Amino acid sequence: MTLADSAIDKKLPVVVFTGGGGAASEALQRLLHDRYNLFFADADPASIPDTIPAARKLAIPHADAADFIPRTAAVLAACRAEVLVPGVDEELPQIRDLLRHLPALRVLAPQPEFVLAMQDKFESARRLLAAGLDAPFTVTADRPEEIGFPCIAKPRSGRGSRGVMVLEAPAQVPHYLGLYRQKAAAVVLQEKLPGTEYTVYVSADAQARLCDLIPIRVLSKRGVTIRAEIHMESRVVAYCEALHRALRPEGPYNVQLILGDDGRVAPFEVNPRVSTTLCLAIAAGADPIGDWLGYARRHEVRPMRLKRNWNNQMTPMEGG
């Protein structure tokens, strides 16, 4: 009996989330299992939550592996995947190659040009400003004389708050570069804005028509968002609507921004994929998969709050 025969309810669309070991997977399984035939893929399947049935866990290579495309295509074909939801930044530039193996696969991700631009934090700020949108002043680290301090230093390409640091003075720039073994041109220095952080869930269909937009106010963060609440802040909504009109991304994406103490709205990152707060948006009534497939309905956003906890699991060892 194959995986497809043993684990698939043929009445439901087959949807595969990558990055299955991430913080949202447990909630996604709980919230969506009766609407979709869910599978969760990860390079380390043991990191996928135990609440997800073993038959729903898939092993795929790391995105930088030489055989990522053929092995991932084989895994997706084995479970008869119809929809893929990438959750790992490094996978996104390889989607076109994956579709050459699986041309019928529907991938919930923006168009490649948007992905490439937004994954480069210097280029994304430049694109926003060129479109007439506000963005924090951003330069590469080889031009520290052009920015005020304190400022935010971070890699041009990166995720999960890795390498993000507040620098208090220009003299700290070379120390930062040495610590993270980065070249100056591969690091950005970004204006540090006082205010409230939001992570905004945005969903569009395959024709880039805006379907949903839910601002989530961040209350606590440790790499990923730990505590947050939905807050339909009108200035944040208006900015993200303007961003979508200007750039026309397809599929789901995530805007991380600051609502300044002076009312200024400025995104410090635009992630061209779903984020870990997707589960909160779904709990509030959103459905990016339905949006993409063309059958999700407009809904009232339910006020919801997110609180994440770590659970410690202790199990006896054989022979102990």
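The values are calculated or read from the model by the stated rules, or taken from the named source; none is laboratory data. Just so it is clear, the structure is predicted and the values come from calculations on it, not from any experiment. So basically every Cβ, Gly included, is an ideal-geometry build from the backbone, and we count neighbours across all protein chains shown. Accessible surface areas use protein heavy atoms only, side chains included; no ligands, DNA or RNA. Shrake-Rupley method; radii C 1.70, N 1.55, O 1.52, S 1.80 Å.
For segment 42-74, filtered to residues that are assigned to a loop (DSSP other than H, G, I, E, B) and of a type in the set (A, V, I, L, M), the residue that is farthest from P93 (Cα to Cα) is I52. Within this structure, A73 fails the test of being among the aliphatic types (A, V, I, L, M) and either touching a residue at least 60 places away in the same chain (Cβ under 8 Å) or open to solvent by 50 Å² or more (accessible area, probe 1.4 Å) (or both).
Screening K121 with (1) in contact with a helix residue (DSSP H, G or I) (Cβ under 9 Å, 6 or more places away or on another chain); (2) within 24 Å of C240 (Cα to Cα) gives one miss only, at (1). Scanning segment 295-314 for residues that are open to solvent by less than 100 Å² (accessible area, probe 1.4 Å) and out of contact with any strand residue (DSSP E or B) (no Cβ under 7 Å at 6 or more places or on another chain) turns up just one, H299. S157 meets each of the listed conditions (1) open to solvent by less than 60 Å² (accessible area, probe 1.4 Å); (2) small (G, A, S); (3) closer than 26 Å to L129 by Cα apart from (1).
Considering segment 92-138, the qualifying helices (runs of 4 or more DSSP H), each wholly inside and each with 2 or more residues that are within 20 Å of the chain's Cα centre (by Cα) and at pLDDT 95 or above, run over 112-119, 121-130.
Residues in segment 144-177 that are over 20 Å from the mean Cα position of the chain (by Cα) and more than 10 Å from V188 (Cβ to Cβ): how many?
Keep residues of segment 144-177 that are over 20 Å from the mean Cα position of the chain (by Cα), which gives 144-153, 165-177.
From the residues that got through so far, the ones that are more than 10 Å from V188 (Cβ to Cβ) too are 144-146, 148-150, 165-177.
Summing the residues that are over 20 Å from the mean Cα position of the chain (by Cα) and more than 10 Å from V188 (Cβ to Cβ) in segment 144-177 gives 19.
Cβ-Cβ contacts under 9 Å between residues 6 or more apart (or on different chains), taken from a first residue in segment 112-139 that is within 25 Å of G263 (Cα to Cα) and in contact (Cβ under 8 Å) with a residue 40 or more places away in the chain to a second residue that is hydroxyl-bearing (S, T, Y) and in a loop (DSSP other than H, G, I, E, B), are listed as K121/S157.
Has segment 305-312 got at least one residue that is closer than 27 Å to A117 by Cα and in contact with a helix residue (DSSP H, G or I) (Cβ under 8 Å, 6 or more places away or on another chain)? Please lay out each step first, then the result.
Filtering segment 305-312 down to residues closer than 27 Å to A117 by Cα leaves none.
Among the residues of segment 305-312, not one is closer than 27 Å to A117 by Cα and in contact with a helix residue (DSSP H, G or I) (Cβ under 8 Å, 6 or more places away or on another chain), which makes the answer no.
Working only within segment 183-211, note down all residues that are open to solvent by 10 Å² or more (accessible area, probe 1.4 Å) and farther than 30 Å from R302 by Cβ. Result: K183, A184, A185, A186, E191, K192, P194.
Select from segment 11-27 the residues that are over 14 Å from the mean Cα position of the chain (by Cα) and under 17 Å from P252 (Cβ atoms) and write down the one among them that is most open to solvent (accessible area, probe 1.4 Å).
Going through segment 11-27, the residues over 14 Å from the mean Cα position of the chain (by Cα) turn out to be 11-16, 26-27.
From the residues that got through so far, the ones that are under 17 Å from P252 (Cβ atoms) too are 13, 15-16, 27.
Working: P13: 32, V15: 0, V16: 1, A27: 12 Å².
Looking at the filtered set, the residue picked out is P13.
Being touching a residue at least 24 places away in the same chain (Cβ under 8 Å), among the aliphatic types (A, V, I, L, M) and closer than 20 Å to P249 by Cα holds for only one residue in A153, A184, A204, and it is A204. Given the criterion among the basic types (K, R), in contact (Cβ under 8 Å) with a residue 40 or more places away in the chain, open to solvent by 20 Å² or more (accessible area, probe 1.4 Å) and under 20 Å from L280 (Cβ atoms), identify the matching residue among R248, R217, R227, R264. Being among the basic types (K, R), in contact (Cβ under 8 Å) with a residue 40 or more places away in the chain, open to solvent by 20 Å² or more (accessible area, probe 1.4 Å) and under 20 Å from L280 (Cβ atoms) holds for just one of R248, R217, R227, R264, which is R227. Note on segment 92-131: among residues that are polar (S, T, N, Q) and open to solvent by 30 Å² or more (accessible area, probe 1.4 Å), the one that is nearest to A63 (Cα to Cα) is Q94. Here's a check for you: in segment 160-182, which residue that is among the aliphatic types (A, V, I, L, M) and under 25 Å from T276 (Cβ atoms) is surrounded by the fewest Cβ atoms within 10 Å (Cβ to Cβ)? Step by step, filter segment 160-182, then rank; the result is V166. Taking the conditions (1) at pLDDT 95 or above; (2) open to solvent by 70 Å² or more (accessible area, probe 1.4 Å); (3) aliphatic (A, V, I, L, M) in turn, M317 satisfies each one other than (1).
Just name the residue that is most open to solvent (accessible area, probe 1.4 Å) out of those in segment 76-91 that are touching a helix residue (DSSP H, G or I) at 6+ places or on another chain (Cβ under 7 Å) and in a loop (DSSP other than H, G, I, E, B). My answer is R80.
Among the residues of segment 30-41, write down those that are open to solvent by less than 30 Å² (accessible area, probe 1.4 Å) and without any contact (Cβ under 8 Å) to a residue 40 or more places away in the chain.
Initial filter on segment 30-41 (open to solvent by less than 30 Å² (accessible area, probe 1.4 Å)): 32, 36-41.
Residues satisfying the conditions are N37, L38, F40, A41.
Scanning segment 141-158 for residues that are in a loop (DSSP other than H, G, I, E, B) and farther than 19 Å from S124 by Cα yields a total of 3.
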